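As structure tokens, the structure follows; a few thoughts come after it.
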Amino acid sequence: MGRNVALLVALLLVVVVAQSAAVSWSLNIGVVKKDLAVSPLSEKAVAQAYASPIIPPGYGLYAGVDARPGVSTSMFWSWQDYPGYVPGVQPVIVPLFVNTPSNNISAPNYPPTPSSNIVSLPSGSFSKILLRVNVTLASAVQGRPGVNYDRALWIFVDGVPLLIGTTAQRFNYTLIADVTYLYPLLVGGSHNFTMILNNWVIPSLGLTGYFIVNASLLYYPGTPPPDVPDVIVPLWNTSGISWFSLNSGQPSTWQVVNLQGNFVQALLYLYAEGASYDEFWWTNIPTDRFIMVYSDGRLIAVTQAFPYIYTGGVMPFLWRPVPSIDTYAFHPFVVDITPYLPFLVGSHNISVTVTNNMNYWWLGGFLALKTSSQSVSYRFLGDSPSFTRSEGQTSVGGSVVYSVTTAFSNTASLNISVGGSTYTYTTRYYVYASGVQAYSDVWWNTTLNQVWGYTSTWSGITVSRLETSSITMDYFEAVTPQGDVSKASTSNPVPAQDVLRVYINHVYEARFSSNLAGPVTSTYVRQAVTASGGMVVGLLFISPTGSIITSITSVSAKNTKTEYYEVKLGPSLLYRFNRLTAGSTSYPPLAYILERDIVGVYSAR
């Protein structure tokens, strides 16, 4: 075990981290602009009545300070507008869904029919493609305010995940996500877009709200990044979309994929969303969740789940109006599996599973492939997968301390012959997780640290990607149910009283680098959330893991979020975006407050 961990640490120390950059060729360094959008809105307080689902006049200050083309989120209560670099040109806007209502559920209409549109997409050359989704909450019952809770929101293009995320609890929101990596499916031709937003409208339980969705693609003219793929191949899309569930009764899924072409690079993109008992998988025992992908039984990829916190998660009042990290638009996990092309090209059985799955996971994915116009042949040179895991548990004075450390590392190499030339493609990748749980009957402290990434080299080119996440949560809760919560349902709700105190620190960092375009371009991303508060409320459990707030005695919640993004060409800074946002909630009286929203942009162009 010691040797494997040492190897992992060595890999982490020597990796040159970053992503192939999509900005250096679209910027002219001769002109410098600083502080393009800086807001003086420090300590600007705005309160809204609890029952009102509509933003009243004068609320346009929300997120309206981000002046980058196409991404202003003025007039939205909550937002996730962190697409990193945004070109300084006006985008071509293509609507996908216009005033489309959520797929509402009413017995026996389950599941409801998804929304679907065929959309003609523009041809041309684009340096960036963003997806923008604006969501408004409306009421299904005349004379009553719209009330609802967080729901899963998914959008697919030709069955491939375009957006995997969740909605806001109450009020409206907007999100903007970078989807340039789906370039082959988003430029030119007509494509099928499908939206799934299954939503419960049950007025007898106070669930009167439904969602109205407007979604568009934003195309920024310019030279495409050098790392955009030539071909996208969806995986596990036997139902027409690449999105499926795994549970304790079905721990894995598979599909025979017939891949034909002269491929010289293969990246695997994966989305994962925990649900039910695994919505907060990082608080469970065991604490680690690895996603394992196989071809004909051979392990070809390992990555991790990400500890997302939905807007109804842990304590709903923490996320009004500021959501946690990537809540509205999840980021895909990316693994370079090019050395395994001999086990992908042709007809192969591709399977996937989630380790330690306690109950329920949604998964989806696709292959992003680079091709050659010349004939290609392969010779697999071998791999060296290494997997270690240790766990332990102790009891001290009525409390329990549990810990687990899991590490995976691998080096895989392939000779690729293209025409008359042969080169060696080597990928080193690694996954590491360390979790500690200390708990008693009413409190627990959970700490999870994760690292995952890869470094690929071939023909004098190096592309590296390193991502890390950490989450710490101190949690005290006393729930007094008036019935058996394990049997709760919408037809058999179980009331309860709840006293809760919580502190959360959540950080995500990513570093990417590449010399695909010549000089080394590097990107650094960091998002961090610190949230704390407490509440005394009445609950109505409508499932063993889901409840509705029916009464409020007291609430105090505070959330501070920082976002940072920078791109460098060698040592020179090309672009920087930073944002500091703080929001809070209190009762009595119940008020949602945006305390600070400060944005800064630096662009050398």
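The values are calculated or read from the model by the stated rules, or taken from the named source; none is laboratory data. Predicted, not measured: the structure shown is a model, and the values here were computed from it. Counting neighbours? That spans all protein chains shown, and the Cβs are built from the backbone with ideal geometry, glycine included.
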Checklist entry - Out of (1) within 24 Å of ASN148 (Cα to Cα); (2) within 26 Å of the chain's Cα centre (by Cα); (3) modelled with pLDDT of 85 or more, the odd one out for TYR592 is which? => result (3)
Item to check | Residue among ALA266, ALA168, ALA177 that alone is at pLDDT below 95 and either buried (at least 22 other Cβ atoms within 10 Å of the Cβ) or part of a strand (DSSP E or B) (or both) | outcome: ALA168
Checklist entry - Tell me, which residue of region 446-459 that is assigned to a strand (DSSP E or B) and surrounded by fewer than 18 Cβ atoms within 10 Å (Cβ to Cβ) is farthest from the chain's Cα centre (by Cα)? => result THR457
Next on the checklist: Whether any residue in region 98-109 is within 28 Å of ASP597 (Cβ to Cβ) and among the β-branched types (Val, Ile, Thr) is what I want to check.
Outcome noted: no
Item to check | Looking only at region 573-605, and only at residues there that are touching a Gly at 6+ places or on another chain (Cβ under 8 Å), over 27 Å from SER556 (Cβ atoms) and not small (Gly, Ala, Ser), the one that is surrounded by the most Cβ atoms within 10 Å (Cβ to Cβ) | outcome: PHE577
Checklist outcome for this item: Scanning region 471-518 residue by residue, those of a type in the set (A, V, I, L, M), surrounded by 20 or more Cβ atoms within 10 Å (Cβ to Cβ) and either on the phi > 0 side of the Ramachandran plot or in contact with a Lys or Arg (Cβ under 9 Å, 6 or more places away or on another chain) (or both) turn out to be VAL494, ALA510
Checklist entry - Which of (1) of a type in the set (S, T, N, Q); (2) more than 23 Å from PHE156 (Cβ to Cβ); (3) surrounded by fewer than 24 Cβ atoms within 10 Å (Cβ to Cβ) is the odd one out, the single condition THR353 does not satisfy? => result (2)
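Could you pull out the residue among SER543, SER532, SER547, SER556 that is under 25 Å from LEU207 (Cα atoms) and at pLDDT 90 or above? Break it down into steps so the answer makes sense when it comes.
Values: SER543 fails: at pLDDT 90 or above; SER532 fails: under 25 Å from LEU207 (Cα atoms); SER547 fails: at pLDDT 90 or above.
Result of the check over SER543, SER532, SER547, SER556: SER556.
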Checklist outcome for this item: Going through (1) within 18 Å of VAL335 (Cα to Cα); (2) modelled with pLDDT under 95 one by one, VAL233 fails only at (2)
Checklist outcome for this item: Requiring at least 3 residues that are in contact with a Gly (Cβ under 6 Å, 6 or more places away or on another chain), the strands (runs of 3 or more DSSP E) wholly within region 106-163 are 126-139
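Determine, yes or no, whether TYR360 is of a type outside the set (S, T, N, Q) and buried (at least 21 other Cβ atoms within 10 Å of the Cβ). Walk me through how you get there before you give the answer.
Details: of a type outside the set (S, T, N, Q): yes; buried (at least 21 other Cβ atoms within 10 Å of the Cβ): no.
Judged against the criteria, TYR360 is not a match.
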Checklist entry - Looking at region 74-105, which of its residues are over 26 Å from ALA140 (Cβ atoms) and part of a loop (DSSP other than H, G, I, E, B)? => result SER74, TYR82, PRO83, GLY84, TYR85, VAL86, PRO87, GLY88, VAL89, GLN90, PRO91
Checklist entry - Does TYR210 meet the test of being of a type outside the set (S, T, N, Q), modelled with pLDDT under 95 and not in a loop (DSSP other than H, G, I, E, B)? => result yes
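The rows are residues; the columns are (1) within 25 Å of the chain's Cα centre (by Cα); (2) under 24 Å from ILE542 (Cβ atoms); (3) without any contact (Cβ under 8 Å) to a residue 60 or more places away in the chain.
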position	(1), (2), (3)
THR100	yes, no, no
ILE118	no, no, no
LEU130	yes, no, no
VAL135	yes, yes, no
ALA138	no, yes, no
ARG144	no, yes, no
ARG170	yes, yes, no
Checklist entry - Between residues in region 328-352 that are at positive phi and residues that are surrounded by 21 or more Cβ atoms within 10 Å (Cβ to Cβ) and of a type in the set (Ser, Thr, Tyr), which pairs lie under 9 Å by C-beta distance while being six or more apart or on different chains? => result none
Item to check | Counted residues, region 74-118 - those being polar (S, T, N, Q) and surrounded by 22 or more Cβ atoms within 10 Å (Cβ to Cβ) | outcome: 3
